[in-house]
């Protein structure tokens, strides 16, 4: 599948950084340092995504954006803007930019945006009838064809919901089942796909910052409000806003969100002017919101307003027929990324993976296949290469051995992947502590002697949440 990106920026250091980084992620990167060079590259061939700087030596990125919207309306354009340049970011979104990223660029944020942009530019199905669900799978990010009847029913529901006029969708399921992937799928198959899909994790920010991120604020609204801020609801106008972990949203913010859903209007923090938007709200949670309503931690009226079109994603243990398909998909994906040669699962490995309960769902399976592809070799994955079924003592010895090897290792002449080694060790320790704490984050933080915010940050970066 084509993954070509045209990067337009006049700073040589940024072009070098983006080319090197994105090529390591499997993208083909073409560079242009001016409007003229960008036009020359576009005349030669149309990429899948354009990553476009606002200020160029011979013109404005907004001018190129307008031209591309006129000549190539299906092409996703991601703008690069100076941090805090709110007005320009808003204007770019109104002109049709797929999304924007602030400089200095955060790699994790950029890769997430590019994933969504690539999903948008993938070709739409040309046949109808029984193949519709299969085509839907292939156009989504991280989804492979499913042998599970339960998941086929889920994707059929997603297809029907995507084209509906409902403004709200509630996606429920355990951690790691792919709620964010389904949210992306709903957006990309809706009439809003040509506008922004923006995402925020409601558990990652304290109440005052979450409110500011969602609704924006006026200059001087509070101590640190040194300038006006446009919130995500405004930036997502005509598009979609994905509220992940909505069950963690505080009651005061819930009240304001309910007003948005009922009237499609709101006020910025510290503002007196009503702002009207047209936004589809996708919400996701791994909590039982009915229980949360009974406990008084979630508003009943908001629950019923969100639950107009519910989607429940079953855990992986309830669809064992999907395990081997997903495992081979991720194994090949990471084998290609790490220069390995794995092609399939051995019969014993297939049975072991299928029989395992996967408490971390698809995220746990994906992380395991990444680890296996990084550490093991071969064409067929054997049962002995899979780190399952070992005792706590064996796992502890493995972790200690990994630390000792890292400390005593001789640096090879061609160097080593320092960040990969450190991240692998961190993730192993966090996974082990998380299992020992039965999935309780506070207890995990105590076991690792980390505060809960630092633990959550690390778990999010390792896709363990």
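Please treat every number below as a calculation from the coordinates, not as lab data. Computed from a predicted model, the values in this text were never measured in an experiment. Please note: Cβ atoms are built from the backbone with ideal geometry, for glycine as well, and neighbour counts cover all protein chains shown.
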Requested in this report: Express the relative contact order of segment 139-268 as a whole percentage, based on alpha carbon pairs under 8 Å and six or more residues apart in sequence.
Outcome: 24 percent
Requested in this report: Take every Cα pair under 8 Å in the chain that's 6+ residues apart, average their separations, divide by the length, and report that relative contact order as a whole percent.
Outcome: 11 percent
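I need the peptides 290-301, 53-64, 358-369 ranked by packing, meaning the mean over residues of other C-beta atoms within 10 angstrom, with the highest value on top.
Output ranking for 290-301, 53-64, 358-369: 358-369, 53-64, 290-301.
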Query - Centroid-to-centroid separation of segment 332-369 and segment 155-208 [C-alpha atoms, Å] - result: 26 Å
**Report entry** Helical mean residue ellipticity (222 nm; -39500 (n - 2.57) per DSSP H run of 4+; nearest 500) of the chain
**Finding:** -14500 deg cm²/dmol
Query raised in the report: Any idea what diffusion coefficient the chain gets from Stokes-Einstein, in µm²/s, Kirkwood Rh on alpha carbon pairs, 4 °C, 1.567 mPa s?
Result: 54 µm²/s
Query raised in the report: For the peptides 34-42, 72-80, what is the packing order when you average, over each peptide's residues, the other Cβ atoms within 10 Å and list the highest mean first?
Result: 72-80, 34-42
Report summary line: Note: segment 130-314, point scatterers on Cα, Debye, no solvent; log10 I/I(0) at q = 0.11, 0.17, 0.18 Å⁻¹ equals -0.49, -1.08, -1.19
**Report entry** Bins of 5 Å, starting at 0 and running to the largest distance - Cα pair percent for segment 4-121
**Finding:** 2, 12, 25, 28, 22, 10, 1
Requested in this report: Run through the DSSP bridge list for the chain and note the antiparallel percent, rounded to the nearest 5.
Outcome: 15 percent
Report task. Please sort 15-24, 91-100, 236-245, 311-320 by packing, taking for each peptide the average over its residues of neighbouring beta carbons within 10 angstrom, highest first. Result -> 236-245, 91-100, 311-320, 15-24
